[in-house]
Amino acid sequence: MKKIFLIMAVLSVVFLVSCQKFDNEKPLTFDVYLDSTTFKVGDPVTFKFKGGDANQISFYSGEVGNDYEYRDKNRIDEIKKVYFSFQTHNVPVGQIVYPNVFVSTDFNGVYDYESVSSATWKPISHLYRWGANGPWQTMWTSSGNSEITSFIEENKPFYIAYQVKSDAQPSGTISRNWRTNSHSLIAETVGGNYISLANFGGMSWKLVDRYLEPSVISTQSSSTVSSSIMLLGYYNSTSPRYRQEAEIWGVSKKFESGEISLGSSKSVSLKQYIDIPLETHTHYYENPGTYKVVFLASNATISGSTQVMKELEITVKP
């Protein structure tokens, strides 16, 4: 019993000494400086620290997503331009399909053929390169990245859709596997930011067929939107429409134009309690502009905490 008491007494002393040491941390001294405040895009921007006894250091570069001003609120910007790109692979030699891609601002969002066919679809196929006929899984062709802003009405939501038609083929080998993948929808904002609106999965494609009810498309059509490749072009051999003409659509989800929220900003942690003291931090800016840089340094003890904020303004030229 005496042994247990002695051990507990020793541990209590160690704890009190540790707490006293922690509670008696030196006052926080922290400063940041630069050799220059003007840089070029891609140059290393090296921030030098003075003091260096901060237990924690956080960093805001002033860029979108890392801007101190927006730490507790969303940054609102406005879409200026919209770009769309994809890849295509056409059908084997001797097979014919008629693919197109469109934009609509009056589609009602009901994914059935009546609604799709009654919407106004503006053709944008002429903006892109299309894959030539060729063997299976070869000759993928990049469409090129084209601006589609002029086909979108200001402050109206929009949809993108592929339509594929093919003629009846009563005999011979049928292989009308027109394909598209690698979709990318990018917005450029008034503030000069580039935002990814969607990739293939983010487009949330839905299949709409002129001749098939939605409930049987997956069993009678060769088309799929659940993977990274959208297959469009003909009906399966088990379908009553096998070898007959086909018309099938892949229609995206709704995308908003006008204002867009870029979300709030988060700091980058440069140092925690267990890390060794820092003397410098280097950052690279990818875009020109004027940036408000903020460093937050803090020390915490059992009796309180101290924080120092240092601000710098830098200019990044092209």
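The values are calculated or read from the model by the stated rules, or taken from the named source; none is laboratory data. This is a predicted model, so every value here is computed, not measured. All Cβ positions, even for glycine, are placed from backbone atoms using ideal geometry, and neighbour counts span all protein chains on display.
Residues in the range 181-200 that are exposed (fewer than 14 other Cβ atoms within 10 Å of the Cβ) and among the hydroxyl-bearing types (Ser, Thr, Tyr): Tyr194, Ser196. Just name the residue that is modelled with the lowest pLDDT out of those in the range 94-111 that are over 26 Å from Ser150 (Cα atoms) and out of contact with any Asp or Glu (no Cβ under 9 Å at 6 or more places or on another chain). Of everything passing the filter in the range 94-111, Gly94 is modelled with the lowest pLDDT.
Checked against (1) small (Gly, Ala, Ser); (2) closer than 18 Å to Ser166 by Cβ; (3) modelled with pLDDT of 95 or more, Gly233 meets all criteria but (3).
Tell me, please, whether a residue that is over 30 Å from Gly192 (Cα atoms), charged (D, E, K, R), outside the structural domain of Ala54 (by TED's automatic domain parsing) and more than 31 Å from the chain's Cα centre (by Cα) can be found in the range 245-268. Checking the range 245-268: at least one residue is over 30 Å from Gly192 (Cα atoms), charged (D, E, K, R), outside the structural domain of Ala54 (by TED's automatic domain parsing) and more than 31 Å from the chain's Cα centre (by Cα).
Of the numbered criteria (1) loosely packed, with under 12 Cβ neighbours inside 10 Å; (2) closer than 30 Å to Trp178 by Cβ; (3) aliphatic (A, V, I, L, M), the one Ile274 fails is (2).
Got at least one residue in the range 98-121 being closer than 30 Å to Asp67 by Cβ, surrounded by 14 or more Cβ atoms within 10 Å (Cβ to Cβ), touching a strand residue (DSSP E or B) at 6+ places or on another chain (Cβ under 7 Å) and among the polar types (S, T, N, Q)?
No - not one qualifying residue is present in the range 98-121.
Exactly one residue among Thr280, Thr306 is touching a residue at least 60 places away in the same chain (Cβ under 8 Å), exposed (fewer than 12 other Cβ atoms within 10 Å of the Cβ) and of a type outside the set (Lys, Arg), and that residue is Thr280. Residues that are surrounded by fewer than 18 Cβ atoms within 10 Å (Cβ to Cβ) and closer than 16 Å to Asp209 by Cα within the range 166-180 comprise Asp167, Ala168, listed in sequence order. In contact (Cβ under 8 Å) with a residue 40 or more places away in the chain, in a loop (DSSP other than H, G, I, E, B), in contact with a Ser or Thr (Cβ under 6 Å, 6 or more places away or on another chain) and under 23 Å from Tyr98 (Cα atoms) - does that describe any residue in the range 148-162? No, every residue in the range 148-162 fails to be in contact (Cβ under 8 Å) with a residue 40 or more places away in the chain, in a loop (DSSP other than H, G, I, E, B), in contact with a Ser or Thr (Cβ under 6 Å, 6 or more places away or on another chain) and under 23 Å from Tyr98 (Cα atoms). Here the strands (runs of 3 or more DSSP E) wholly within the range 1-93 that include at least 1 residues being at pLDDT 90 or above and in the same structural domain as Tyr194 (by TED's automatic domain parsing) are 76-89.
Of all residues in the range 75-95, those being under 16 Å from Tyr162 (Cα atoms) and β-branched (Val, Ile, Thr) number 2. If a residue has to be touching a Ser or Thr at 6+ places or on another chain (Cβ under 9 Å), farther than 14 Å from Phe47 by Cβ and surrounded by 14 or more Cβ atoms within 10 Å (Cβ to Cβ) to count, how many in the range 289-303 make the cut? Of the residues in that region, 4 qualify.
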